[in-house]
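Q: Have a look at this one.
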Amino acid sequence: MLYVDRAVWPGRGRLWAHLVSDVSYDELHAFAEMLGAPRRGFDRDHYDLPAERVPAAIWLGATQVTSREIVARLAGAGLRRRKPRAT
């Protein structure tokens, strides 16, 4: 299943949401391609999705959840990839 949080993350003059799958990265990439999200928007375990694409993601079947739920779904599916710790 696919999930998207609210677009509240600022960057480059826009607000961004996160798009994830709790099934596989293949499912996530296929959905992002259908949505028209560029592959460069993929960041370790999610796509950064601009606010204007969130309604389309929901219309195509993504479920809107909280940011905490995004992290919980990724971790529960074993798909969470954390940033490497700086040494």
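Q: State the extension gain, in nm to one decimal, for the chain segment bounded by SER67 and ALA86, taking 0.36 nm per residue of separation less the distance between their alpha-carbons.
A: Difference between extended and current length: 4.5 nm.
Q: Let me ask something additional. Net charge near THR63, counting Lys/Arg +1 and Asp/Glu -1 over other residues with Cβ under 13 Å of its Cβ?
A: Here the charged neighbours net out to -1.
Q: Please list, in order along the range 57-70, the HN-Hα scalar couplings obtained from phi with the Karplus expression 6.51 cos²θ - 1.76 cosθ + 1.60 (θ = phi - 60°), rounded to whole Hz, x for Gly and Pro.
A: 4, 5, 4, 7, x, 6, 9, 7, 9, 6, 4, 5, 5, 4
Q: Follow-up. Can you tell me what share of the DSSP beta bridges in the chain is antiparallel? A percent to the nearest 5 is fine.
A: Antiparallel bridges make up about 85 percent of those DSSP assigns within the chain.
Q: Specify, per residue and in Å³, the volume enclosed by the convex hull of the alpha carbon atoms belonging to the chain.
A: Enclosed volume per residue, from the Cα hull, is 103 Å³.
Q: Expressed as a whole percentage, what fraction of the accessible surface of the chain belongs to carbon and sulfur atoms when a 1.4 Å probe is rolled over the protein heavy atoms?
A: 54
Q: Roughly how big is the chain's charge dipole about its Cα centre, with Cβ charges of +1 (Lys, Arg) and -1 (Asp, Glu), in debye to the nearest 20?
A: Taking the Cα centre of the chain as origin, the dipole is about 480 debye.
Q: Near the amide H of GLN64, under 5 Å away, which other amide H atoms are found, from residues 5 or more places off or on another chain, if H is placed in the peptide plane?
A: HN-HN under 5 Å from GLN64: VAL4.
Q: Extension gain LEU15-ASP43, at 0.36 nm per residue separation less the Cα-Cα distance, in nm?
A: 8.5 nm
Q: Averaged per residue, what accessible area in Å² does the chain show with a 1.4 Å probe, protein chains only?
A: Per residue, the chain has 65 Å² of solvent-accessible surface.
Q: Pull up all non-local amide H partners of VAL23: gap of 5 or more, or a different chain, and H-to-H distance under 5 Å with H placed in the peptide plane.
A: The answer is none.
Q: Taking amide H atoms as placed 1.01 Å from N in the peptide plane, list the residues 5 or more away in sequence, or in a different chain, whose amide H sits under 5 Å from that of TRP9.
A: Result for TRP9 returns TRP16.
Q: Over the chain, calculate the relative contact order: mean separation of alpha carbon pairs under 8 Å at least 6 apart, over the residue count, as a percent.
A: Value for the chain: 37 percent.
Q: Placing +1 on the Cβ of each Lys and Arg and -1 on the Cβ of each Asp and Glu in the range 1-42, which of LEU19, GLY41, HIS29 has its Cα farthest towards the positive end of the resulting dipole?
A: Going by the charge dipole, the pick is GLY41.
The values are calculated or read from the model by the stated rules, or taken from the named source; none is laboratory data. For clarity, every value in this text was computed on a predicted model and none was experimentally measured. Neighbour counts run over all protein chains shown; Cβ positions are idealised from the backbone, glycine included. Quick note on the areas: whole protein, heavy atoms, side chains included, nothing else; ligands and nucleic acids left out. Shrake-Rupley method; radii C 1.70, N 1.55, O 1.52, S 1.80 Å.
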